[in-house]
1. So, in nm, how far is label VAL67 from label SER42 when the simple model puts each one 7 Å beyond its Cα toward the Cβ?
2. So if R0 is 22 Å, what FRET efficiency would ALA91 and LYS14 give, r being the distance between their Cβ atoms, rounded to the nearest 0.05?
3. What do you get for the angle between helix 14-26 and the principal long axis of the chain? Use alpha-carbon atoms, 0 to 90 degrees, nearest ten.
4. Highest mean first, how do 91-104, 40-53, 4-17 rank when packing is the count of other Cβ atoms within 10 Å averaged over residues?
5. Taking H placed 1.01 Å from N in the peptide plane, check which residues at least 5 places from ARG30 or on another chain put their amide H under 5 Å from its amide H.
6. To the nearest 20 debye, what charge dipole does the chain have about its Cα centre, counting +1 at the Cβ of each Lys and Arg and -1 at the Cβ of each Asp and Glu?
7. Between the DSSP loop rule and a limit of at most 13 other Cβ atoms within 10 Å, which GluC sites (Glu not before Pro) in the range 13-86 are left?
8. Subtracting the Cα-Cα distance from 0.36 nm times the residue separation, let me have the gained length for GLU74 to MET4 in nm, one decimal.
Amino acid sequence: TCPMRNVIAHFANKWSMLLLVILDEFGVMRFNELSRAIPDISPKVLSGHLKTLESIGLVKRNLYAEVPPRTEYELTELARTLIPILNQLSAWGRENLTAIQENLTK
């Protein structure tokens, strides 16, 4: 029943947030382009996160009936409203990374 927990649980992991930021930066991308942009994610994990982001309305998948088939991914308008928040979180992380790392070594 907690709105924050229910919403954030769907995208608050390292891969989903990174996918959203990459799609914001580069725009429409194909699966292999996303895979190259995040070389340490497996195809299975990438596919799963894209499906989850699509199911909650943050990513739009466009399938083109071509030979071979072409699939492209892009942010939805809903996702675009989330990007400023992710950018703020990223800025906070950059500003406080040293302090956090120092606290972890205590």
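1. 3.4 nm
2. Working: r = 17 Å, r/R0 = 0.78.
It comes to 0.80.
3. On a 0 to 90 degree scale, this one is about 60.
4. The densest-packed peptide leads the list: 40-53, 4-17, 91-104.
5. TYR73
6. On the way: 12 positive and 11 negative charges, 61 e Å.
Here the chain has a charge dipole of around 300 debye.
7. Numbers: sites: GLU25, GLU33, GLU54, GLU66, GLU72, GLU74, GLU77; in loops: GLU66.
The qualifying sites are GLU66.
8. On the way: separation 70, 0.36 × 70 = 25.20 nm, distance 2.42 nm.
Here the segment from GLU74 to MET4 would lengthen by 22.8 nm.
All of the numbers you see were taken from the coordinates with simple rules; none came from a lab. As the structure is a computational prediction, the values presented were derived from the model and not from experiment. Note: ideal-geometry Cβ built from the backbone for every residue, glycine included; neighbour counts use all protein chains shown.
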